[in-house]
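The values are calculated or read from the model by the stated rules, or taken from the named source; none is laboratory data. Bear in mind that the values here come from a model prediction, so they are computed numbers and not experimental data. Cβ: placed from backbone, ideal geometry, glycine included. Neighbour counts: every protein chain shown. We work out accessible area using only protein heavy atoms, side chains counted, and drop any ligands, DNA or RNA first. Shrake-Rupley method; radii C 1.70, N 1.55, O 1.52, S 1.80 Å.
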Amino acid sequence: MAATEPGMVDTTHVDPPEIVGGCRIITLPKIADVRGNLSYVEGGRHIPFVIRRAYWIYDVPGGALRGGHAYHKLEEFIIAASGSFDVVVDDGSKREVVQLNRSYFGLYVPPMVWRQIENFSSNSVTLILGSLPYSEEDYLRDYEAFARLRHEGPK
Ligand code: TYD
């Protein structure tokens with residue numbers, strides 16, 4: 001991945017600092033209950049897009065990495081439905097690491113942000129909500145091509 005040293009983003013504060021590429025932590029409603037807590041997310045209300053797709057990553061073997069790409073148009077909201085992991089986000093110049101470890105907040109990732117998910121705890125479940133159906137054409141899988149597009153804009 002990219003050249004710069006990743007800085008850790010502290011997700012324990014109520015108002016975390018702005019994250020590279022327009023990424024941000026969004027705290028969701030939490031209905032605390034002795035029978036178990038409940039959180040929810042409504043597209044267009046808690047997150048800035050209408051949800052067109054949900055997918056989840058689970059049974060991740062130790063040391064595995066997921067992602068390692070950006071999207072031209074897709075917006076995502078990433079939640080640690082169970083366990084914890086790190087999301088590395090990169091705008092082509094700067095890179096930061098966001099740890100997700102509670103299921104009542106998530107990371108909003110706009111288009112044109114390189115992202116990789118790593119350091120999965122055992123039995124973690126990564127829930128990802130997306131603004132568009134799956135399309136391989138929307139992926140940018142080459143970091144140099146992505147960084148060039150970020151710096152120069154589309155031709
Ligand atoms: P990919 O997005 O490359 O996985 P990751 O970024 O987590 O490493 O997707 C892996 C495979 O799954 C790829 O062949 C495409 C397929 N896929 C779908 O068919 N639909 C989906 O919604 C997603 C996210 C992936």
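How large is the accessible surface per residue of region 65-128, computed with a 1.4 Å probe and reported in Å² as a whole number?
Values: 2120 Å² over 64 residues.
Accessible area per residue, region 65-128: 33 Å².
Would you grab the residues whose amide H sits under 5 Å from the one on TYR71? Only those 5+ places off in sequence or on another chain, please, with H modelled 1.01 Å from N.
Long-range HN contacts for TYR71: MET112, VAL113, LEU140.
Across 5 Å bins from 0, what is the distribution of all Cα-Cα pair distances for region 55-155, in whole percents?
In whole percents, the pair-distance histogram is 3, 13, 24, 24, 19, 12, 4, 2, 0.
Starting at the first residue of region 61-73, write each ³J(HN,Hα) from the Karplus equation 6.51 cos²θ - 1.76 cosθ + 1.60 with θ = phi - 60°, in whole Hz, x for Gly and Pro.
Once θ is set to phi - 60°, the couplings for region 61-73 become x, x, x, 6, 10, 10, x, x, 6, 10, 10, 5, 10 Hz.
On a 0 to 90 degree scale, rounded to 10, what angle separates helix 143-152 from the longest Cα axis of the chain?
Once rounded, the angle reads 70 degrees.
Tell me which residues come under 5 Å, amide H to amide H, from ARG53 once H is placed; ignore anything under 5 positions away on its chain.
Counting only residues 5 or more places away or on other chains, the set is GLY130, LEU132.
On the accessible surface of region 4-155, probed at 1.4 Å, how many percent belong to carbon and sulfur atoms? Intermediate values should be presented prior to the final figure.
Numbers: 4200 of 8380 Å².
Carbon plus sulfur share of accessible area: 50 percent.
Which value, in Å² and to the nearest 10, is the accessible area of SER122 when all protein chains are kept and the probe is 1.4 Å?
Only protein atoms counted, so the area is about 100 Å².
Under 13 Å from the Cβ of TYR143, count the other residues' Cβ atoms, weight Lys and Arg +1, Asp and Glu -1, and hand me the total. Before the final figure, lay out each step's value.
On the way: positive: ARG95, ARG115, ARG141, ARG148, ARG150; negative: ASP90, ASP91, ASP142, GLU144.
Every neighbour counted, the sum reads +1.
Please name whichever of VAL125, GLY153, TYR108 sits farthest to the positive end of the charge dipole of region 70-155, dipole taken about the Cα centre and charges placed at Cβ: Lys and Arg +1, Asp and Glu -1.
After comparing all options, I get TYR108.
Starting from the amide H of ARG102, placed 1.01 Å from N in the peptide plane, find each other amide H under 5 Å away whose residue is 5 or more places distant or on another chain.
Under 5 Å from the amide H of ARG102 lie the amide H atoms of ALA80, each far enough along the sequence or on another chain.
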